[in-house]
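Accompanying notes for the structure given below.
The values are calculated or read from the model by the stated rules, or taken from the named source; none is laboratory data. Not measured: the values here are computed from a predicted model. Please note: Cβ atoms are built from the backbone with ideal geometry, for glycine as well, and neighbour counts cover all protein chains shown. The area values use the complete protein model at the heavy-atom level, side chains included, leaving out ligands, DNA and RNA. Shrake-Rupley method; radii C 1.70, N 1.55, O 1.52, S 1.80 Å.
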Amino acid sequence: VEEQLDGMVRRGLISARQRDAVSAQGILEFFRHPLGTRLRRAEKKEREFDFYMEIPAGEVTDGLPEADRDERILLQGIADCFFYEGDGVVLIDYKTDRITAEEAPARAERYRMQMEYYTRGLREILGCPIRERYLYFLHCGQAVAL
């Protein structure tokens, strides 16, 4: 895992600062976790999946005049990982927050809106339901279903 992270820095895929934020041990523990095991076993999976979607400006910007609330804006997302299971998709977003397992559920709430948009965008693009959504906190090894 350490070698892969260092290689990603050399190839310019991540910065040295991003590399320092990632725990190699945390990644290893993820693949030992039941969620990581499911990912490994999945026949079809995607990583770093870029997508775009249009949304009304009023969804993300408070205080707009009524006339501008329906204006469409482009929202970009990068889904860390998802895999197909049965007739749907399991979405995973990795987080490097330095928190304890006990703090993970409350911290996950901060990311709920992001996951809502990812779910909506992926469902539209992939044409299938997003059955499960998880935030996986690498530092404490905790998966939180949203």
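Rounded to the nearest whole Hz, the Karplus-based 3J(HN,Hα) values (6.51 cos²θ - 1.76 cosθ + 1.60, θ = phi - 60°) of segment 81-95 follow the sequence 6, 8, 9, 8, 8, x, 9, x, 10, 10, 9, 10, 10, 8, 10, with x at glycine and proline.
For Met8, what charge total do you get from the other residues with a beta carbon under 15 Å from its beta carbon, if Lys and Arg give +1 and Asp and Glu give -1?
Here the charged neighbours net out to -1.
Candidate values (1) 16.8; (2) 17.4; (3) 15.2 were compared with Kirkwood radius over Cα pairs in Å computed on the shown model; the agreeing label is (1). Computed packing ranks the peptides 83-95, 5-17 as 83-95, 5-17, most packed first, by mean other Cβ atoms within 10 Å. The protection proxy used here, the mean number of other Cβ atoms lying within 10 Å of each residue, ranks peptides 114-120, 130-136 as follows, highest first: 130-136, 114-120. Per-atom-type breakdown for the chain gives carbon and sulfur 47% of the accessible area (1.4 Å probe, protein chains only). Judged by the ratio a/c of the largest to the smallest principal axis of the C-alpha gyration tensor, segment 1-61 counts as oblate, that ratio being 1.5 or greater while a/b is no larger than b/c. Using only helices, what value at 222 nm comes out for the chain when you add -39,500 (n - 2.57) per DSSP H run of length 4 or more and divide by the total residues, to the nearest 500 deg cm²/dmol? Mean residue ellipticity at 222 nm (helix-derived): -10500 deg cm²/dmol. Per residue, the accessible area of the chain comes to 61 Å² when a 1.4 Å probe rolls over the protein heavy atoms.
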